1. Looking at Glu94, Glu123, can you tell me which residue is crowded, with 17+ Cβ neighbours inside 10 Å and among the charged types (D, E, K, R)?
2. Inspect the range 7-26 for any residue being crowded, with 16+ Cβ neighbours inside 10 Å, of a type in the set (D, E, K, R) and touching a Phe, Trp or Tyr at 6+ places or on another chain (Cβ under 6 Å) and give the result as yes or no.
3. Considering the range 105-117 alone, what residues qualify as being part of a helix (DSSP H, G or I) and more than 15 Å from Met49 (Cα to Cα)?
4. What's the total number of residues in the range 78-91 that are surrounded by fewer than 17 Cβ atoms within 10 Å (Cβ to Cβ), in contact with a helix residue (DSSP H, G or I) (Cβ under 8 Å, 6 or more places away or on another chain) and either on the phi > 0 side of the Ramachandran plot or outside any loop (DSSP other than H, G, I, E, B) (or both)?
5. In the range 89-136, what residues are in contact (Cβ under 8 Å) with a residue 60 or more places away in the chain and of a type in the set (Phe, Trp, Tyr)?
6. Please work out which one of (1) modelled with pLDDT under 95; (2) assigned to a loop (DSSP other than H, G, I, E, B) is the condition Arg13 fails and give its number.
7. Can you confirm whether Thr62 is of a type in the set (S, T, N, Q), surrounded by 13 or more Cβ atoms within 10 Å (Cβ to Cβ), in a helix (DSSP H, G or I) and at pLDDT 95 or above?
8. Touching a strand residue (DSSP E or B) at 6+ places or on another chain (Cβ under 9 Å) and surrounded by fewer than 17 Cβ atoms within 10 Å (Cβ to Cβ): is that true of Gly75 in this structure?
Amino acid sequence: MLFEEGLKNVVSRHARLAEACRRAVRGMTLKLFARNPAEYCNTLTAVSMPEGLDSDLFIDHTLKLVDLPLGKGLGRAKGKLFRIGHLGSLNELELMGVLAGIEMALKSFGVKLPLGAGLAAAETYLLETTDIRLAL
């Protein structure tokens, strides 16, 4: 698969999907764990859990609610963040499904967020950066 898509295209796809994910997190009014953009990762996005909520409990809730496994924080970050993976043969539609599941789980976990805002932010970015143009 890597040879078929080409390494340059794989790297570009991961960067694009990662940025869409980060924009979705901001749209959900959540904070990225990495505060410095130079430290952003194109293979996963670490999201800070809102103050007073345990991210490990949220991750368990998400798995039960929508069967979506998220990564936990380790060491000093345990209970403070969740990780969204976006590495491998992931495409736009799959990422949108993950983000929708996260929004649903956050809302049902009691997080106050504008439902759909994360998806809208990701969709807007993905449409702005797509290489496919419709012929009218």
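The values are calculated or read from the model by the stated rules, or taken from the named source; none is laboratory data. Worth saying up front: this structure is predicted, and the values here are computed from it rather than measured. When we count neighbours, we look across all protein chains shown, and the Cβ atoms used for this are built from the backbone with ideal geometry, even at glycine.
1. Working: Glu94 fails: crowded, with 17+ Cβ neighbours inside 10 Å.
After applying the criteria, what remains is Glu123.
2. So far as the range 7-26 goes, yes, one or more of its residues are crowded, with 16+ Cβ neighbours inside 10 Å, of a type in the set (D, E, K, R) and touching a Phe, Trp or Tyr at 6+ places or on another chain (Cβ under 6 Å).
3. Ala117
4. So the count comes out to 1.
5. Answer for the range 89-136, where residues must be in contact (Cβ under 8 Å) with a residue 60 or more places away in the chain and of a type in the set (Phe, Trp, Tyr): just Tyr125.
6. (2)
7. So Thr62 passes the test.
8. Values: touching a strand residue (DSSP E or B) at 6+ places or on another chain (Cβ under 9 Å): no; surrounded by fewer than 17 Cβ atoms within 10 Å (Cβ to Cβ): yes.
No: the conditions fail for Gly75.
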